[in-house]
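J.: I am attaching a structure below and will ask some questions about it afterwards.
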Amino acid sequence: MTKRLILLFVLCLWAFMVTALHIAISRSGRAITRLQQEVSVKEARNQYLRLEIARLSSPDTVTQFATQKLGMIPAKPYEVILLDKPK
Amino acid sequence: MIRRGTTFSSPNVFNIKRRMKIALLFVMLAPLTIIGRLFYMQTFLHQEFTSKTEKAIYNAINEDRLRGKIFDVNGRSLAESVRTHSLGINKRYIKDKTKTVDFLSDVLKMPPAEILSKWDKSRNFFFLAKKIKPDKYIQLASVMRSPLGQGMELSPEYERIHPYGQSALDIIGASNSKNLGLSGIEQMFNKELSQDISKKRAKRARGGDVIYDRSLKEKVSVSNIYLTIDEIAQYYVEKALQKAVENVAPERAIAVVQEPASGKILAAASYPVKDGQSQAFQFTYEPGSTFKTIAIASALDSGSVRITDSIDMSGRNWEVAKGVIVRDKQHNKEYLSIPEIMQLSSNIGAGKIAVETGAKKLFSYIKAFGFGTKTDINFNGESKGNVPPYNTWTKVDTAAHGYGYGIAITPIQLITAYSAIANDGVLMQPHLIDRIEHANGKIEKLSKPIKIRQVIKKETAQAMKKVLQSVVEHGSGKRAQIKGYNVAGKTGTAEKLTKEGGYAKRNHVVSFCGMVPVSNPQFTILIILDNPAKYTFGGTAAAPVFKDIAEPLLTLKGIAPDQVDFDFN
């Protein structure tokens, strides 16, 4: 009788643990999903910022800024002096 | 005494066994009904209940995969996808219309009247905004589970962004929001850039949240494509082409830059810009005088003429066949040397040299230079042009092919042929794709210089470079001169065929194809202006574009001047 009771107790405990584990996994799963969503939104924001950097550093933007705001003019190829790299 | 087996009254009323059976029947009726019902449900309503359970427990989620990127040779992003969202409104579930409209107007920066107009036009569901950027998405997503968010639906979508605007768009092409490449590189490499989007089953919790598990982990297999295009070179080419378009208003304009030693396309621009329709590969035309280079190189290489020969100009009216006269109006000389034929762009000279070479030989050189066949650059819609078989050529045809009429070529064929001359007679395989970066990080290098064949001898190529240099120094290509650098090239002004047959005197294709610096050519550049509204010539309209492109490229790549005695000032 006692043995049976112990067995029953162990079974109940196992079932309880399995249930608890499942609940914990589900909770973690939900948390992971939420975090992943946050990550993907932040990644998208980051991507937009990178694209903005690319746009601002594009030759068109840089040339316009250099010529219109800074009053620069493009150098002629013969005006560029090339130095040999020191060996 | 009670005797067993005897009945006290009516056997129908007091028979216990019978009563028990009846009671049992009643008791069993309910379970039997349930069992029967369960059997029915299991057997006949199986599908209905399975789908209900599926809906209750699982969410079908789209795998969220971004399309691969397209880069220039230096890793500048030319096209990439960003994740955006669209906002749909289900009017039936909106609790407070005024509050919702105010909120959406504030977040989306949209006037309430515009929202209300869309609201009134739809019966129940409508998309209020598309391509919602992350900042706004966060604000919208934050109210999704509150009463304010009821009736709002945010669904993910993709937007293809081109950080450099329209630059190189005719090569890159377009893709749609479903990740499908529609034209250009996007279509040619759709398999590498995209991945099948399948749905995955995910367990859901109360409120619709997805419960993450390992099976949801994505396996990314998209690749990134690196072109041989240099975005900065492309910018200079597009800017120069735009200037030419403003000056002479052509119907169509094309500029291509190639590295002769490797065959790499460094830049290719078309006007008007259409997604994935690069005229550098798709346009076919009669080249006119730029083709004289090919005819004369063939004649020199085959030994039909020598560089020191002079050609009789037949009084500047050469009757090729009865009733077919070729005229030179641009000079009054009785004899022209080969460099002079090129400098003055003499049709009589080029035609006579072509006839002297002979149809068969000329045809075999034209084919060896790559005309009449696709270049294998693999760009969608690439044309192979048209070079008729030599056995159909008459004397008039042979002469006409000598000065670039009667055959159709593509810009990529012509620039590759000029690059062969720049490259000491070696024809290289032109290419547009530098490398593919696969999802596992493996780099597949595609930009290896591939030698197709030695078309003309090295000595012939060097002689031709000198002849072409003389065209820029003393002939029709003067406006392509660049201070400090030796430039070689040839102008072209070809009359266009009319629909009625014959050539239109006022409709031209003007062009210039050249190389710089002559001592060690780094760039071959071709400019084509199709049917300029303003009456003009290759030397006046296209040659200056060569200069506008070559100058910044020489600066950009740090190519030292090859003229030794030029004045810096």
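J.: With every protein chain left in place, what is the accessible area per residue of chain B in square angstrom, probe 1.4 Å?
T.: Working: 27970 Å² over 569 residues.
Result: 49 Å² of accessible area for each residue.
J.: Additional query: Can you compute the helix-only [θ] at 222 nm over chain B? Use -39500 (n - 2.57) per DSSP H run of at least 4 residues, normalise by all residues, nearest 500 deg cm²/dmol. Each step should come with its number before you reach the end.
T.: Numbers: 19 runs with 200 residues, N = 569.
It lands at -10500 deg cm²/dmol.
J.: Determine, from the Cβ-Cβ distance of residue A:64 and residue B:453 and an R0 of 41 Å, the FRET efficiency 1/(1 + (r/R0)^6), rounded to the nearest 0.05. Let's see the in-between values first.
T.: Working: r = 45 Å, r/R0 = 1.10.
That pair, residue A:64 with residue B:453, gives E of 0.35.
J.: Over the range A:2-70, what portion of Cα pair distances is larger than 18 Å, expressed as a whole percent?
T.: Values: 1629 of 2346 pairs.
Cα-Cα pairs of the range A:2-70 separated by over 18 Å account for 69 percent.
J.: Let me ask you something else. Largest first and to the nearest Å, give the Cα extent of the range B:416-504 along each principal axis.
T.: Largest first, the range B:416-504 extends 55, 43, 29 Å along its Cα principal axes.
J.: With a 1.4 Å probe and every protein chain left in place, work out the accessible area per residue of chain A in Å², rounded to a whole number.
T.: On the way: 7580 Å² over 87 residues.
Accessible area per residue: 87 Å².
J.: Between 0 and 90 degrees, rounded to the nearest ten: what's the tilt of helix A:2-56 against the longest Cα principal axis of chain A?
T.: Once rounded, one gets 10 degrees.
J.: With a Förster radius of 35 Å, plug the Cβ-Cβ distance of residue B:97 and residue B:182 into 1/(1 + (r/R0)^6) and report the FRET value to the nearest 0.05.
T.: Numbers: r = 39 Å, r/R0 = 1.13.
Calculated transfer efficiency: 0.35.
J.: So what's the angle, to the nearest 10 degrees on a 0 to 90 scale, between helix B:231-248 and the longest Cα principal axis of chain B?
T.: 60 degrees
J.: A follow-up question, please. In peptide B:164-175, how many Cβ atoms from other protein chains are near each Cβ within 10 Å, on average?
T.: Working: counts 6, 4, 0, 3, 0, 0, 0, 0, 0, 0, 0, 0.
Mean shielding count: 1.
J.: Per the 1.4 Å probe, what fraction of the accessible area of chain B, in percent, lies on carbon and sulfur atoms?
T.: On the way: 14750 of 27970 Å².
Looking at chain B in its full context, I get 53 percent from C and S.
J.: Still on this model: Computed on protein heavy atoms with a 1.4 Å probe, what is the summed buried accessible area for the chain pair A and B, in Å² to the nearest 100?
T.: The summed interface area works out to 2800 Å².
J.: As an exercise, identify the trypsin sites (Lys or Arg not before Pro) in the range B:368-416 lying in DSSP coil whose Cβ has no more than 13 other Cβ atoms within 10 Å.
T.: Details: sites: B:374, B:384, B:395; in loops: B:374, B:384.
When the trypsin sites (Lys or Arg not before Pro) of the range B:368-416 are filtered for loop state and at most 13 Cβ neighbours within 10 Å, nothing remains.
J.: Evaluate the relative contact order of chain B (contact order divided by residue number), counting alpha-carbon pairs under 8 angstrom at least 6 apart; express in whole percent. Can you show the working numbers first?
T.: Numbers: 1165 pairs, mean separation 78.0, N = 569.
That works out to 14 percent.
J.: Moving on to the next point. Please compute the modelled spin-label separation between residue B:274 and residue B:27, points set 7 Å along Cα→Cβ, answer in nm with one decimal.
T.: Rounded to a tenth, the inter-label distance reads 8.6 nm.
J.: Show me B:317-326, B:275-284 ranked by packing, highest mean number of other Cβ atoms within 10 Å first. Walk me through the intermediate numbers first.
T.: Working: B:317-326: 13.6, B:275-284: 23.3.
Result, highest mean first: B:275-284, B:317-326.
J.: Loop-only check: which trypsin sites (Lys or Arg not before Pro) in the range B:224-274 are DSSP coil with at most 16 other Cβ within 10 angstrom? If you can, show how the numbers build up before the last one.
T.: Working: sites: B:239, B:243, B:252, B:264, B:274; in loops: B:274.
Sparse-neighbourhood loop trypsin sites (Lys or Arg not before Pro): B:274.
J.: Provide the gained length on full extension for the span residue B:48 to residue B:334, in nm with one decimal, where the gain is 0.36 nm per separating residue minus the Cα-Cα distance. Let's see the in-between values first.
T.: Working: separation 286, 0.36 × 286 = 102.96 nm, distance 9.61 nm.
Length difference between fully extended and current span is 93.3 nm.
J.: Inside 10 Å of the C-beta atoms of B:81-88, what's the mean count of C-beta atoms belonging to other chains?
T.: Working: counts 1, 7, 6, 2, 2, 0, 0, 0.
Other-chain Cβ atoms within 10 Å of each residue's Cβ, averaged: 2.
J.: 7 Å from Cα along Cα→Cβ at both residue B:37 and residue B:314: what's the point-to-point distance in nm?
T.: The two pseudo-label positions are separated by 10.5 nm.
J.: What FRET efficiency comes out for residue B:307 versus residue B:130 if R0 is 45 angstrom and r is the Cβ-Cβ distance? Round to the nearest 0.05.
T.: 0.10
J.: Short version: which residues of the range A:58-80 lose at least 50 Å² of accessible area, all chains versus chain alone, 1.4 Å probe?
T.: Buried-area filter returns A:59, A:77, A:78.
J.: Take peptides A:46-55, B:363-372 and line them up by average Cβ neighbours within 10 Å, highest first, as a rough protection proxy. Walk me through the numbers before you get to the answer.
T.: Numbers: A:46-55: 14.3, B:363-372: 21.1.
Packing proxy ranking, top to bottom: B:363-372, A:46-55.
J.: Something else: Need one value for A:35-45: mean number of C-beta atoms belonging to other chains within 10 Å of its residues' C-beta atoms.
T.: Details: counts 1, 4, 3, 2, 0, 4, 7, 2, 4, 11, 6.
Partner-chain Cβ atoms within 10 Å, mean over residues of A:35-45: 4.
J.: Shifting gears a bit: In whole Å, what three semi-axes, largest first, describe the equivalent ellipsoid of the protein assembly as shown built from its Cα gyration tensor (square root of 5 times each eigenvalue)? Intermediate results must be reported in sequence, preceding the final value.
T.: Working: eigenvalues 1188, 167, 119 Å².
One finds semi-axes of 77, 29, 24 Å for the protein assembly as shown.
J.: Quickly work out the residue A:11-to-residue A:52 label distance, labels modelled 7 Å from Cα along the C-beta direction, and quote it in nm with one decimal.
T.: 6.4 nm
J.: Counting only protein heavy atoms and a 1.4 Å probe, tell me what percentage of the range A:2-70's accessible area is made up of carbon and sulfur. Numbers along the way, then the final one.
T.: Numbers: 3850 of 5630 Å².
That share works out to 68 percent.
J.: Still on this structure, please answer the following. From the protein chains alone at 1.4 Å, what is the descending order of accessible area for B:169, B:66, largest first?
T.: Details: B:169 15, B:66 50 Å².
These residues rank, largest area first, as B:66, B:169.
J.: Students often check this: by mean Cβ neighbours within 10 Å, which of B:287-294, B:495-502 ranks highest, and how do the rest follow?
T.: On the way: B:287-294: 28.9, B:495-502: 10.8.
Top of the packing list down: B:287-294, B:495-502.
The values are calculated or read from the model by the stated rules, or taken from the named source; none is laboratory data. From a predicted model like this one, the values you see are computed outputs, not experimental measurements. Glycine gets a Cβ as well: all are built from the backbone with ideal geometry, and neighbour counts include every protein chain shown. Remember, those area values only see protein heavy atoms, side chains included, never the ligands or the DNA or RNA. Shrake-Rupley method; radii C 1.70, N 1.55, O 1.52, S 1.80 Å.
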